[in-house]
There are 2 protein chains.
Amino acid sequence: MQPLPAEQTQARRFGKARSARSTAVLEDYVELISDLLGTTGEARPTDIARRLGVSHPTAIDTIARLKREDLVTARPYRGVFLTEKGETLAKRVRARHRLVVDVLLALGVPQEAAEADAEGIEHHVSDVTLKAFAEFIRDAKDRRKA
Amino acid sequence: MQPLPAEQTQARRFGKARSARSTAVLEDYVELISDLLGTTGEARPTDIARRLGVSHPTAIDTIARLKREDLVTARPYRGVFLTEKGETLAKRVRARHRLVVDVLLALGVPQEAAEADAEGIEHHVSDVTLKAFAEFIRDAKDRRKA
DNA sequence: GCACTAATGTAGCCTAACCTACGTTTTGAT
DNA sequence: ATCAAAACGTAGGTTAGGCTACATTAGTGC
Ligand SMILES: [Mn+2]
Ligand SMILES: [Mn+2]
Ligand SMILES: [Mn+2]
Ligand SMILES: [Mn+2]
């Protein structure tokens, strides 16, 4: 039986996971909105809802939260757009998402499981971990060349 | 710009992540209760709350939910115990937690980041992915021997 | 231009997960 | 046996993230 970590240490870890959980939804929305804007030119509440698998009122509610957090602008019947802050977040989130998928694939996880699990995992990957992931992928590529 | 996945595919992935998020708290409680029972012989609401970094009423509320889900038994002033179902879940969750930490460490993630990130990541690792992780670790060990 | 349809918005509801404030029960030390 | 402190429980409140049902607006085809 492993010794338990010190109370405060464990509490800090759980706290980080809680805070990541609370921003996960926002991150998914900005990433998706950015993708929709990039590929179709617009991001409308109904599309967002359908792609997320939620009802459209749920999407509209969350879009309101995104507005409050200054990540998007949206006006009735006009679709959703990213603010500067939103664009910046979207870029970071998309890059992280891709890297997480790549790492899972490199570890031998089948494609669809990698894509599905990454959708949840990504939100809990810290910067330090992300750096380690990037190096791992870089090294894997080097090994393949040699 | 990568092509977007089909709507239903993407919705299914997001749905899985949502459902994992909704069980994450239960999993952490069960794992922690099991650890406390194993090392100190008892799991009291206050200890649980302190280790999770939440207020004790929050812990008590969640323990009530665990009871509803038939994962624990608890009576006033008497501490918390795992049901069969709870024990089973605890074992699975603990094994998964350890494996996730091991994989992160093997990828070069520093100890504390590995422990902290694993606390969130673990809940989004599917069985298929877990299997790939196990093989990766086994192979890494073999390589070290050779 | 009208009418139907799809999209959007609004209202109202629910549960989970957090909190503070306060009252009650146990526990343990004199 | 008493009593203070710690643990526990309860009450009541907030926010996020879901939902359904219904009303309104916008867009399209005729
Ligand atoms: Mn995601
Ligand atoms: Mn993503
Ligand atoms: Mn966890
Ligand atoms: Mn854990």
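The values are calculated or read from the model by the stated rules, or taken from the named source; none is laboratory data. Note that the structure is a prediction, hence the values are computed from the model and not measured. When we count neighbours, we look across all protein chains shown, and the Cβ atoms used for this are built from the backbone with ideal geometry, even at glycine.
Here are the numbers for this structure:
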{"quantity": "Pick from the range A:124-146, criterion more than 7 Å from chain B (Cβ to nearest Cβ) and in contact (Cβ under 8 Å) with a residue 12 or more places away in the chain, ranking: farthest from ligand 1 (Cβ to nearest atom)", "calculated": "A:A140"}
{"quantity": "Options A:E31, A:E42, A:E69; residue that is closer than 30 Å to B:A114 by Cα, charged (D, E, K, R), within 11 Å of DNA strand D (Cβ to nearest atom) and more than 8 Å from chain B (Cβ to nearest Cβ)", "calculated": "A:E69"}
{"quantity": "Matching option when the condition is at pLDDT 95 or above and either charged (D, E, K, R) or more than 16 Å from DNA strand D (Cβ to nearest atom) (or both), among A:R138, A:R143, A:R75", "calculated": "A:R138"}
{"quantity": "Top-ranked residue in the range A:1-11 [being within 7 Å of chain B (Cβ to nearest Cβ) and of a type outside the set (S, T, N, Q); ranked as farthest from A:L52 (Cα to Cα)]", "calculated": "A:M1"}
{"quantity": "Exclusive hit being of a type in the set (S, T, Y) and surrounded by fewer than 19 Cβ atoms within 10 Å (Cβ to Cβ), set A:T62, A:T40", "calculated": "A:T40"}
{"quantity": "Check on B:E119, under 21 Å from A:V109 (Cβ atoms), within 16 Å of DNA strand C (Cβ to nearest atom) and facing chain A (nearest Cβ under 8 Å)", "calculated": "yes"}
{"quantity": "Helices (runs of 4 or more DSSP H) within the range B:1-92 that include 2 or more residues within 30 Å of A:D35 (Cβ to Cβ)", "calculated": "B:7-40"}
{"quantity": "Test for B:G79: is it within 16 Å of DNA strand C (Cβ to nearest atom), of a type in the set (G, A, S) and either touching a Gly at 6+ places or on another chain (Cβ under 6 Å) or more than 9 Å from chain A (Cβ to nearest Cβ) (or both)", "calculated": "yes"}
{"quantity": "The range A:112-127, residues that are part of a helix (DSSP H, G or I) and either in contact with a Lys or Arg (Cβ under 6 Å, 6 or more places away or on another chain) or farther than 15 Å from B:A24 by Cα (or both)", "calculated": "A:E112, A:A113, A:A114, A:E115, A:A116, A:A118, A:E119, A:E122, A:D127"}
